[in-house]
Structure formats: C-alpha cells, structure tokens
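The values are calculated or read from the model by the stated rules, or taken from the named source; none is laboratory data. Everything quoted here is computed from the prediction, not taken from an experiment. Cβ placement follows ideal geometry from the backbone for every residue including glycine, while neighbour counts extend to all protein chains displayed. Note: accessible area is taken over every heavy atom of the protein model, side chains too, but ligands, DNA and RNA are not part of it. Shrake-Rupley method; radii C 1.70, N 1.55, O 1.52, S 1.80 Å.
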Amino acid sequence: MSNIEDFLSITDESQIIDAIRKAEALTSGEIRVHIESQCENDPFDHAMEVFHELKMDNTKLQNGVLIYVAVDLKQFVIYGDKGINDAVQVGFWDSTRDAMLVHFKKGDFKQGLIKGIEEAGTVLAEYFPWKPGNQNELPNAISKG
C-alpha cells in the first residue's frame with residue numbers, strides 16, 4: 001500500500017481525531033498525526049522537519065508529540081518535544097511504538113494510531129495535566145503530505 005488515500009478511511013480519520021480530542025482533554029500537551037504517501041529521506045529526520053513545519057515546537061511547555069507515518073516505507077516515528085522527552089522514562093516511546101506495531105502488523109492502522117495517541121495522552125496527562133486556562137495550541141486534524 002503506497003497510496004495515502006487507501007491508508008485510512010474517512011471514518012477512520014474521524015475516529016483518530018476523536019482520540020486526539022479525548023487525549024488532549026486531560027493535558028496541556030498537543031498530539032498530531034501526519035501521514036505521507038512517500039518519504040524520500042530518513043523517516044526520523046523527516047519527522048523532525050514535519051514537527052517544525054507543523055509548528056509543534058512552538059507549544060508553551062514543549063510538550064508536543066508527533067506520530068509520523070511514511071506509507072510507502074511502511075515506517076513510522078513517534079517524535080516528542082523536549083519537555084515531554086525530559087519527563088518520560090527512557091524507552092517510553094519504544095513501548096508505545098511496540099504497542100502500535102501490534103495493530104499495524106495486522107493491517108489495523110486506525111487502531112494502531114489510536115493506541116499511540118492514547119499512550120501519549122496518558123503520559124502527557126501525567127506530566128502536563130490540563131489546568132484551567134489551557135488552550136488547544138494546535139489543530140487536531142490529521143495532516144498529510
């Protein structure tokens with residue numbers, strides 16, 4: 001599968017956006033999903049570029065998390081900003097990646113993304129709980145490239 005349109009259905013996308021909303025309701029952190037049909041660079045390096053293009057490095061507490069998917073390479077990256085990376089245990093993103101992979105290997109990309117969002121949301125809520133006055137700093141929509 002290398003066609004971005006075949007990766008998720010409209011219903012899948014809606015459910016993923018709902019998962020982002022639910023996760024962010026408990027935290028000041030920001031979670032984004034970005035899907036690309038083709039990645040010509042190293043996926044991790046490109047995820048860092050996308051993180052900056054989406055202005056995820058502009059969050060007040062540096063607590064943004066990007067889940068980047070390169071459909072053509074069948075690879076994904078979970079990229080957290082400095083604030084969240086300094087707070088979580090070493091290996092946290094590896095365990096999140098592994099939880100997502102269980103679903104991805106079955107071809108259930110929607111559930112894999114939702115699992116990653118839920119895990120990121122749980123840890124963001126622990127270290128960056130929602131407080132009165134917090135605002136949603138970034139859109140919840142899935143971005144595509």
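Out of everything in the stretch 129-144 that is open to solvent by less than 30 Å² (accessible area, probe 1.4 Å) and of a type outside the set (S, T, N, Q), what residue ends up being nearest to residue 113 (Cα to Cα)? Full working, then the answer.
Applying the first criterion (open to solvent by less than 30 Å² (accessible area, probe 1.4 Å)) to the stretch 129-144 yields 138, 140, 142-143.
Of the ones still in play, those that are also of a type outside the set (S, T, N, Q) are 138, 142.
Values: 138: 18, 142: 11 Å.
Filtering the stretch 129-144 for residues that are open to solvent by less than 30 Å² (accessible area, probe 1.4 Å) and of a type outside the set (S, T, N, Q), the one nearest to residue 113 (Cα to Cα) comes out as 142.
For the stretch 59-68, which positions are under 9 Å from the mean Cα position of the chain (by Cα) and either outside any strand (DSSP E or B) or in contact (Cβ under 8 Å) with a residue 40 or more places away in the chain (or both)? Let's see the steps before the verdict.
Step one: list which residues in the stretch 59-68 are under 9 Å from the mean Cα position of the chain (by Cα), which gives 64-68.
Correct list: 64, 65, 67.
Restricting attention to the stretch 8-37 and to residues that are under 13 Å from the mean Cα position of the chain (by Cα) and of a type in the set (A, V, I, L, M), the residue that is surrounded by the fewest Cβ atoms within 10 Å (Cβ to Cβ) turns out to be 17.
Filtering the stretch 113-128 down to residues that are touching a Leu at 6+ places or on another chain (Cβ under 7 Å) and assigned to a helix (DSSP H, G or I), which residue is least open to solvent (accessible area, probe 1.4 Å)? So, considering only residues that are touching a Leu at 6+ places or on another chain (Cβ under 7 Å) and assigned to a helix (DSSP H, G or I), the one least open to solvent (accessible area, probe 1.4 Å) is 121. Inside the stretch 44-67, residues that are within 16 Å of residue 87 (Cα to Cα) and of a type in the set (Val, Ile, Thr) make up a count of 2.
Each row is one residue, and each column tells you yes or no for (1) of a type in the set (A, V, I, L, M, F, W, C); (2) within 24 Å of residue 6 (Cα to Cα); (3) modelled with pLDDT under 95.
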residue	(1), (2), (3)
35	yes, yes, no
85	no, no, yes
107	no, yes, yes
115	no, yes, no
130	yes, no, yes
138	yes, no, yes
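Summed over the stretch 18-34, residues that are part of a helix (DSSP H, G or I) and closer than 16 Å to residue 137 by Cβ total 4.
Here is the figure for the stretch 75-109: residues that are touching a residue at least 12 places away in the same chain (Cβ under 8 Å), open to solvent by 50 Å² or more (accessible area, probe 1.4 Å) and either among the charged types (D, E, K, R) or not in a helix (DSSP H, G or I) (or both) total 3.
Can we say residue 40 is modelled with pLDDT under 95 and more than 25 Å from residue 108 (Cβ to Cβ)? Write out each step before concluding.
Details: modelled with pLDDT under 95: yes; more than 25 Å from residue 108 (Cβ to Cβ): yes.
Yes.
Residue count for the stretch 38-58, restricted to those that are assigned to a loop (DSSP other than H, G, I, E, B), farther than 30 Å from residue 133 by Cα and open to solvent by 30 Å² or more (accessible area, probe 1.4 Å): 4.
Listed by first and then second residue, the pairs linking a residue in the stretch 124-145 that is acidic (Asp, Glu) to a residue that is open to solvent by less than 60 Å² (accessible area, probe 1.4 Å) and part of a loop (DSSP other than H, G, I, E, B), with Cβ atoms under 8 Å apart and 6 or more places separating them unless they lie on different chains, are 137/59. Checking each residue in the stretch 59-74 for being within 17 Å of residue 143 (Cα to Cα) and open to solvent by 40 Å² or more (accessible area, probe 1.4 Å) picks out only 72.
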